[in-house]
1. Given A:VAL125, A:VAL90, which one is more than 11 Å from chain B (Cβ to nearest Cβ), crowded, with 20+ Cβ neighbours inside 10 Å and of a type in the set (A, V, I, L, M)?
2. Would you point out the residue of segment A:95-112, among those that are facing chain B (nearest Cβ under 10 Å) and in contact (Cβ under 8 Å) with a residue 40 or more places away in the chain, that is farthest from B:THR88 (Cα to Cα)?
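Please treat every number below as a calculation from the coordinates, not as lab data. In this text the structure is predicted, and so the values were computed from the model without any measurement. Positions of Cβ are backbone-derived with ideal geometry, glycine not excepted, and every protein chain shown enters the neighbour counts.
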Amino acid sequence: MTISRRRILAVASAGLAVTLMPLPAQAATDAGDLIARFTDGATPGEGPLTISAPQIAENGNAVGVEVACPGARSIRILAPANPNPEVCTVHFGPRAGSRTLSTRIRMAETMDVIALAEMEDGGFVQASARVRVTIGGCGG
Amino acid sequence: MERIDARPRVRVPRSASPGEVVLIRTLANHPMENGERLDSDGERVARHIIHRFICTFNGDTVIEMEIEPSLAANPFIEFEAEVPESGTFHFAWHDDNGDVYEATADIEVA
């Protein structure tokens, strides 16, 4: 049996596809899983949630992030490309003056930082911000 | 896990009017060892972080936070509180090693 050039290409490209596929698929699943863990499986919608972060972070060791969401009961921040993608969850109590939190987070690489809010009516909303990281900050 | 000299610092206004919303800034010294870093021998350094932060005003919760290793070292946390009357803010940072670092701040509301 002779192996045609076409067949070699077909096998090679199939192999390439298999090699390349898992990475993006894995990342997408992980972000989805992280979101589902907070929302108990519900798909978050859009709402008054905002996330502010620098477009470019020189140093991934400490990136300032502010989240705000009027009407939120709690807000979670996720850095999906970090070794530990969950960053923090803030619950607002009766003496909270606003549903706002500013903090500094670690970022291993360029990614979309995700904020998820659980609203007082039980619904969930999501927002994200792209941050380009020059030097990663997770020391892995 | 070693004891950390966290020296927590808080910034709270000294006075406000009833029902005013005030800005609160907090900072604690802590390496927030995320459990990913390798030491000079190539050994993984064990996780050692502040995993919880709580701020109350006269016993009522302002915010409560669950913190993971992806928060930056020397945790900086800024938020807002509503003050109906004079009283005391209480702040607590809970370390993985069981230590709790505390701070208080009084505010005059008139």
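1. Just one listed residue meets the conditions, A:VAL125.
2. If we take residues in segment A:95-112 being facing chain B (nearest Cβ under 10 Å) and in contact (Cβ under 8 Å) with a residue 40 or more places away in the chain, then A:ALA108 is farthest from B:THR88 (Cα to Cα).
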